[in-house]
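Data first, discussion second: the structure below is written as structure tokens.
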Amino acid sequence: MNILKTYTLLIFMVFTMIGSSYAQSPTFEEDLQQIMQKHEAVGLAIVVVKNGKPVFEKAYGYKDLEKKTALSTQDLFRIASISKSFSSTAIMQLVEQGKISLNDDFSELVGFNVRNPKFPNTKITLEMVLSHRSSLNDSNGYFTFDVLDSTKNPNWAKSYNNYEPGKGYEYCNLNFNMVGAVLERISNIRFDNYIEQQVLAPLQLQAGYCVDSLDQSRFAKLYVKSTGVFKEQPSAYNPRSEEIRNYTMGVSTPVFSPTGGLKISAKDLSTYMMMHMNYGKLGKVRILKAKSSKRMQKGLSAKEHYGLALLETDDLITGEHLIGHTGSAYGLYSNMFFEPKKKFGFIVITNGCVPNLVDDGQTLKFSKEVINLLYKNYIKR
């Protein structure tokens, strides 16, 4: 018996469970085990929200595959692109304060020229950048803003697509690393510190972008299957300590990866999700005005229905219209989806699996199957 079969058979012996107030189907655990085995999931952290409150929170499998350490819903994951919504939330706070506008010329906000050379008279706005309608792409990379500097990158023009800004869509990580730089330039606070002070701390979330500021013993290791074996991806938690010591505001921002670098637990991510489910408020704490949160949730691209770092989808659960985002990097696959009117939602995160996709070529089969199983057992019942 190979190691994968061995540990998947033991998966349900090493889970942690915080509790559930809803009875599940007698076959739920068996059904979930079958899904995990089919997709060879290393670990899985789940939180289900119903009627605006968590009703199911559980982790399965391993945080550390080599040591056979059990995964917990309190463990931290680098959640990848769900991080974008935190960047957008912070920017919308500045919009509410009147310091910037969604219609502002992004070049003026970020401090260097961001203009498609094929459409030099078309202003690229902050809203276009936040909704991936800027006409920018990642073909030159997104870890430095020099990719857009004609004096440093002779191929800078390739970073722009052939359509006019505002009239097309392409998912682009560079957009959100630049958004992080705008946040620094306008607030005069380092990106990771701003998110901590204005989003995480008010919600009492133990999370962050700076590895050195977090309890690294809580990090869930991330795994990619290579040549038949799951291999750890330690670069997911590279602290970038030297770069941070030599940090320049508005320039070094990609060090923290506003586009994908947040480290947070499934439990805390569900708290953040409930804030947006309630249109910017959780309990007595208001992070955004309802108008701003709703603006983030409204899809702006006709086909993709992508808003301001949150998207609309009818494809995840038949008959349900959900809001949320996914993330994928270093073997991790994260999901945050909710229905703000019916007040239910799901956090589903795996730190490694075989990444089979559904027919749309984008949705992970594993995530969709888990979410639909949770919906059947905890929302429809």
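The values are calculated or read from the model by the stated rules, or taken from the named source; none is laboratory data. None of the values given here were measured: they were computed from a predicted structure. Glycine gets a Cβ as well: all are built from the backbone with ideal geometry, and neighbour counts include every protein chain shown. Note: accessible area is taken over every heavy atom of the protein model, side chains too, but ligands, DNA and RNA are not part of it. Shrake-Rupley method; radii C 1.70, N 1.55, O 1.52, S 1.80 Å.
In table form, for the structure just shown:
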{"quantity": "Residue, nearest to the chain's Cα centre (by Cα), within segment 54-68, restricted to residues that are farther than 10 Å from Ser270 by Cβ and open to solvent by 20 Å² or more (accessible area, probe 1.4 Å)", "calculated": "Lys63"}
{"quantity": "Qualifying position, being closer than 18 Å to Asp75 by Cα and either without any contact (Cβ under 8 Å) to a residue 24 or more places away in the chain or open to solvent by 60 Å² or more (accessible area, probe 1.4 Å) (or both), among Gln197, Gln216, Gln233", "calculated": "Gln216"}
{"quantity": "Some residue of segment 301-308 being open to solvent by less than 10 Å² (accessible area, probe 1.4 Å) and more than 18 Å from Asp360 (Cα to Cα)", "calculated": "yes"}
{"quantity": "Evaluation of Gly19 against (1) at pLDDT 95 or above; (2) part of a strand (DSSP E or B) (one fails), failing number", "calculated": "(1)"}
{"quantity": "Arg245 being surrounded by fewer than 16 Cβ atoms within 10 Å (Cβ to Cβ), charged (D, E, K, R) and more than 30 Å from Pro355 (Cβ to Cβ)", "calculated": "yes"}
{"quantity": "Qualifying residues in segment 249-260 (those that are open to solvent by less than 70 Å² (accessible area, probe 1.4 Å) and assigned to a loop (DSSP other than H, G, I, E, B)) - the one farthest from Val110 (Cα to Cα)", "calculated": "Gly260"}
{"quantity": "Whichever residue in segment 347-365 is closer than 23 Å to Tyr272 by Cα and touching a Ser or Thr at 6+ places or on another chain (Cβ under 7 Å) and, among such residues, is surrounded by the most Cβ atoms within 10 Å (Cβ to Cβ)", "calculated": "Ile347"}
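Rundown of residues vs (1) within 24 Å of Ser81 (Cβ to Cβ); (2) touching a Phe, Trp or Tyr at 6+ places or on another chain (Cβ under 9 Å); (3) open to solvent by 10 Å² or more (accessible area, probe 1.4 Å), yes/no style:
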| site | (1), (2), (3) |
| --- | --- |
| Arg115 | no, yes, yes |
| Ser139 | yes, no, yes |
| Phe176 | yes, yes, no |
| Ser187 | yes, yes, yes |
| Phe191 | yes, yes, no |
